[in-house]
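See structure below.
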Amino acid sequence: EKPWHGPSEIARAIELWRDDARNELALARRVFVPSRSQGELVSRVTSLPAEHFTVLPHGIAAELPPSPPLPGVPGRDRPLRVACWSHLYPAKGQQVLLEALRRARHRAQIEVDLLGECWDPAHRASLESLAQGSAVQFRGAFRPPELAALRADLAVLPSLCHESYSFVVD
């Protein structure tokens, strides 16, 4: 079977899209991007100078109060507590965290809270398989108050894709 579009047609379509985007952005009085890195990426793709883009971060949906530190020393007095929150989706990279946990020399001294929904049963099963033998809690969907109540020593927020702005990190 032949594809509808071969490599040369696809390359040409990408080139036309880039030219169209460059022209539109060049004509705009102001172009806002949510982060400096996003502006740099669009600059590289369109060949427009980085100064053409004004960084205007997204508004924060919720201000969370700082959590008090956990008592004791992680790894000595208690397990190291790790939190990870986002949708449970392959591109979000939770499997990277769980694979690292499986390889950790002191994994018995590490506890992980995964917060987020997973709509793909196969991906959920894969994550659960990676978590076997480790202290991993799948907490499900969350809202800002649950994040404020989290008790963790650190957050691990892996991602396997470019994100124009990370609400999770913010």
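The values are calculated or read from the model by the stated rules, or taken from the named source; none is laboratory data. The structure presented is a predicted model; accordingly, all values stated were derived computationally and were not measured. Glycine gets a Cβ as well: all are built from the backbone with ideal geometry, and neighbour counts include every protein chain shown. Only protein heavy atoms, including side chains, enter the accessible area calculation; ligands, DNA and RNA are left aside. Shrake-Rupley method; radii C 1.70, N 1.55, O 1.52, S 1.80 Å.
Computed quantities for the displayed model
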quantity: Residues satisfying the stated conditions in region 1-36, i.e. in contact with a helix residue (DSSP H, G or I) (Cβ under 9 Å, 6 or more places away or on another chain), open to solvent by less than 80 Å² (accessible area, probe 1.4 Å) and not in a helix (DSSP H, G or I); calculated: 28, 31, 33
quantity: Filter pass, residue 63 being assigned to a helix (DSSP H, G or I) and free of Cβ contacts under 8 Å to residues at least 12 places away in the same chain; calculated: no
quantity: Some residue of region 137-147 being in contact with a helix residue (DSSP H, G or I) (Cβ under 9 Å, 6 or more places away or on another chain), open to solvent by less than 70 Å² (accessible area, probe 1.4 Å), within 19 Å of residue 96 (Cβ to Cβ) and not hydrophobic (A, V, I, L, M, F, W, C); calculated: no
quantity: Within region 77-170, strands (runs of 3 or more DSSP E) holding 3 or more residues that are in contact (Cβ under 8 Å) with a residue 40 or more places away in the chain and either closer than 25 Å to residue 64 by Cβ or aromatic (Phe, Trp, Tyr) (or both); calculated: 80-85
quantity: Set 63, 9: member being farther than 30 Å from residue 150 by Cα and of a type outside the set (Gly, Ala, Ser); calculated: 9
quantity: Meets criteria (part of a helix (DSSP H, G or I) and aliphatic (A, V, I, L, M)) for residue 45; calculated: yes
quantity: Residue among 93, 39 that is modelled with pLDDT of 90 or more, surrounded by 13 or more Cβ atoms within 10 Å (Cβ to Cβ) and within 26 Å of residue 132 (Cα to Cα); calculated: 93
quantity: Failed condition for residue 6, given (1) free of Cβ contacts under 8 Å to residues at least 24 places away in the same chain; (2) within 26 Å of residue 140 (Cβ to Cβ); calculated: (2)
quantity: Selected residue [open to solvent by 60 Å² or more (accessible area, probe 1.4 Å) and either under 24 Å from residue 74 (Cα atoms) or modelled with pLDDT of 95 or more (or both)] from 123, 106, 87; calculated: 106
quantity: Criterion violated by residue 69 - all others in (1) surrounded by 13 or more Cβ atoms within 10 Å (Cβ to Cβ); (2) at pLDDT below 90; (3) not polar (S, T, N, Q) satisfied; calculated: (1)
quantity: Members of region 74-84 found to be over 17 Å from the mean Cα position of the chain (by Cα) and open to solvent by less than 60 Å² (accessible area, probe 1.4 Å), listed by number; calculated: 74, 75, 78, 79, 80, 81
